[in-house]
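K.L.:
I am attaching a structure below and will ask some questions about it afterwards.
Any read-out appearing in this document is the output of simple, stated calculations on the displayed coordinates, not a laboratory observation. Fair warning: this is a prediction, and the values are worked out from it, not measured in the lab. Don't worry about glycine lacking a Cβ; one is built from the backbone with ideal geometry, like all the others, and counts go over all protein chains shown.
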Amino acid sequence: MKWALDKYHASSAWAALSLATRRQRENIFRRVIKSGGHTPLEDISDQIIREGRERRAMTPHAANGFIKAMRGFCAWCVEENLMATDPTAGVKLLTGPNDAEGFHTWTQTELDRFEARWKIGTRERLAFDVLLYTGLRRGDAVRVGRQHVRDGVISIRTEKHARGKQGELITIPILPPLATSLAAAPTGDLTFLINERGQPWVKESFGNWFRDVCRKAHCPGSAHGLRKAGATRAAEQGASERQLMAIFGWTTGKMAQHYTRSADRARLAHDAAQLLLPVQATNEKRPHLAEGAGRKPKRSGNSGV
């Protein structure tokens, strides 16, 4: 397996992955080689893959990262005739608190608490405002800069997908809160967000730094959770599925539907909750119903129906 992984790292399939994905999978493969680098390829079965997943099951995000990394590797092996079949084909991903859906969505109280701790003009507040008011993922948030802005509108192509597909072109206006923050905080020549040395951030380092910043503000949030807060806010204020797809760069309506359904459910529940009240209390809430209660509708003498 170590020999095959070395060949995989030199392949066009590996080169097509984004830099962030390659970094993540290099760490996974390093541990795989350490524990099973001498395993013959023909001995790698779906059971072996499941056992690797289960060893990481306490952290579903790590378990899923392992499966995705092995899927890419095994698919390449099949294409190169190094494996007869793909042992990852029937192995499912785990669900849990560490998957993308499970990231904590910031509440309004937490948003207010962060803003109270980090005032406009700080690098911390600028990072918060960029994430919240653009909806960009952290990998794109650390790349966006003045070269992406024209006439007050940001246009940026998102990072490549894990399978090497070109990212989506996103255009979003610089909203007033972000414009105020950009004018007050230190920024770089090519990126809005910079570290303490004035250099652009690496995606992973930025994520760790921002998580520490959140803790100092007594917020349990993360960069991804802030993106989810923005999507939730937009949906609750009436954004359509297509509008959410345009803002957040989703290529299908699946994620947009998640937010619009949640917002619609909340609105429907709020309205329908009035129906749980006793009839008298309901009528007191809606006087126009009480006024007509008990009256029989007038019948027209000419009606033959």
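K.L.:
Which residue, chosen from Ala127, Ala141, Val32, occupies the Cα position most advanced towards the positive end of the dipole of the stretch 1-159, where the dipole is computed from +1 (Lys, Arg) and -1 (Asp, Glu) charges on Cβ about the Cα centre?
P.N.:
Ala127
K.L.:
Hey, another quick one. Taking the Cβ of Pro87 as the centre, find all other residues whose Cβ is under 13 Å away and add up their charges (Lys, Arg: +1; Asp, Glu: -1). Don't jump to the answer; show the numbers that get you there.
P.N.:
Numbers: positive: Arg50, Arg53, Arg71; negative: Glu42, Asp43, Asp46, Glu51, Asp86.
Once all neighbours under 13 Å are counted, the net charge is -2.
K.L.:
Rounded to the nearest 0.05, what FRET efficiency do Glu42 and Glu115 give with R0 = 51 Å and r taken as the Cβ-Cβ distance? Could you check?
P.N.:
Working: r = 58 Å, r/R0 = 1.13.
After rounding to 0.05, the efficiency reads 0.35.
K.L.:
Right, something else. Compute the length gained on full extension between Arg50 and Arg23: take 0.36 nm times their separation in residues and subtract their Cα-Cα distance, giving the result in nm to one decimal. Working shown, then result.
P.N.:
Working: separation 27, 0.36 × 27 = 9.72 nm, distance 2.31 nm.
Stretched fully, the Arg50-Arg23 segment lengthens by 7.4 nm.
K.L.:
Now for a different question. Pop out the Kirkwood hydrodynamic radius of the stretch 1-149 from its pairwise C-alpha distances, inverse of mean 1/r, in Å to one decimal.
P.N.:
On the way: mean 1/r = 0.0552 Å⁻¹.
Taking the inverse mean of 1/r over all distinct Cα pairs, the stretch 1-149 comes out at 18.1 Å.
K.L.:
Under the 0.36 nm per residue contour assumption, what length would be gained going from the current alpha-carbon distance of Arg157 and His104 to full extension?
P.N.:
Details: separation 53, 0.36 × 53 = 19.08 nm, distance 2.62 nm.
Answer, rounded to one decimal: 16.5 nm.
K.L.:
Give, rounded to the nearest 20 debye, the magnitude of the charge dipole that the stretch 152-230 has about its Cα centre when Lys and Arg contribute +1 at Cβ and Asp and Glu contribute -1 at Cβ. Don't skip to the answer; put the middle values down first.
P.N.:
Values: 11 positive and 6 negative charges, 68 e Å.
Rounded to the nearest 20 debye, it is 320 debye.
K.L.:
Report, in listed order, any pair from Lys92/Lys216; Lys34/Lys68; Lys7/Lys68; Lys7/Lys203; Lys119/Lys254 with a Cα-Cα distance greater than 29 Å.
P.N.:
In this structure, Lys92/Lys216; Lys119/Lys254 lie more than 29 Å apart at Cα.
K.L.:
For the stretch 49-127, what is the convex hull volume of its Cα atoms per residue in Å³?
P.N.:
Numbers: hull volume 10.5 nm³, N = 79.
Spread over its residues, the Cα hull of the stretch 49-127 gives 133 Å³ apiece.
K.L.:
Okay, moving on. How big is the Cα convex hull of the stretch 24-77 in projection, averaged over all directions, in nm²?
P.N.:
Numbers: hull surface 14.2 nm².
Seen from a random direction, the Cα hull of the stretch 24-77 projects 3.5 nm² on average.
K.L.:
Could you go through the stretch 20-36 in sequence order and give the Karplus-derived ³J(HN,Hα) for each residue, using 6.51 cos²θ - 1.76 cosθ + 1.60 with θ = phi - 60°, rounded to whole Hz, and x for Gly and Pro?
P.N.:
5, 5, 4, 4, 4, 6, 4, 5, 5, 5, 4, 6, 5, 5, 4, 8, x
K.L.:
Suppose the chain between Glu236 and Leu169 were pulled fully straight at 0.36 nm per residue; how much longer would it get relative to their current alpha carbon spacing? Spell out each step's value before the answer.
P.N.:
Numbers: separation 67, 0.36 × 67 = 24.12 nm, distance 2.46 nm.
Gain in length upon complete extension: 21.7 nm.
K.L.:
Check each of the trypsin sites (Lys or Arg not before Pro) in the stretch 1-94 and keep only those in coil by DSSP with at most 14 other C-beta atoms within 10 angstrom; list them in order.
P.N.:
Values: sites: Lys2, Lys7, Arg22, Arg23, Arg25, Arg30, Arg31, Lys34, Arg50, Arg53, Arg55, Arg56, Lys68, Arg71, Lys92; in loops: Arg56, Lys92.
The qualifying sites are Lys92.
K.L.:
Once you place label points 7 Å from the Cα toward the Cβ at Asp6 and His61, how far apart are they in nm?
P.N.:
3.3 nm
K.L.:
What distance in nm lies between label points placed 7 Å from Cα along the C-beta direction at Arg146 and Glu79?
P.N.:
4.1 nm
K.L.:
Only Lys, Arg, Asp and Glu count, each charged at its Cβ (+1, +1, -1, -1), so figure out the dipole size of the stretch 203-260 about its Cα centre, rounded to 20 debye. Could the numbers behind the result be given before it?
P.N.:
Working: 9 positive and 4 negative charges, 23 e Å.
The dipole of the stretch 203-260 has a size of about 100 debye.
K.L.:
Which is farthest toward the positive dipole end of the stretch 32-123 among Ala84, Ser45, Ile67, measuring Cα position about the Cα centre, with Cβ charges +1 (Lys, Arg) and -1 (Asp, Glu)?
P.N.:
Ile67
K.L.:
How large is ³J(HN,Hα) for each residue in the stretch 189-195, as worked out from phi by the Karplus curve 6.51 cos²θ - 1.76 cosθ + 1.60 (θ = phi - 60°), to whole Hz, x for Gly and Pro?
P.N.:
6, 10, 9, 5, 8, 9, 7
K.L.:
Between the DSSP loop rule and a limit of at most 14 other Cβ atoms within 10 Å, which trypsin sites (Lys or Arg not before Pro) in the stretch 186-276 are left? Show your work: numbers first, answer last.
P.N.:
Numbers: sites: Arg197, Lys203, Arg211, Arg215, Lys216, Arg227, Lys228, Arg233, Arg242, Lys254, Arg261, Arg265, Arg267; in loops: Arg197.
Those satisfying the criteria are Arg197.
K.L.:
Given H placed 1.01 Å from N in the peptide plane, which residues other than close sequence neighbours of Ile170 have an amide H under 5 Å from its amide H?
P.N.:
Those qualifying (amide H under 5 Å, at least 5 residues apart or on another chain) are Ile156, Arg157, Thr158.
K.L.:
Here is a further query. Under a 5 Å amide H to amide H cut-off, with H placed in plane at 1.01 Å, what residues pair with Thr39 once short-range neighbours are removed?
P.N.:
For Thr39, the qualifying residues are Lys2.
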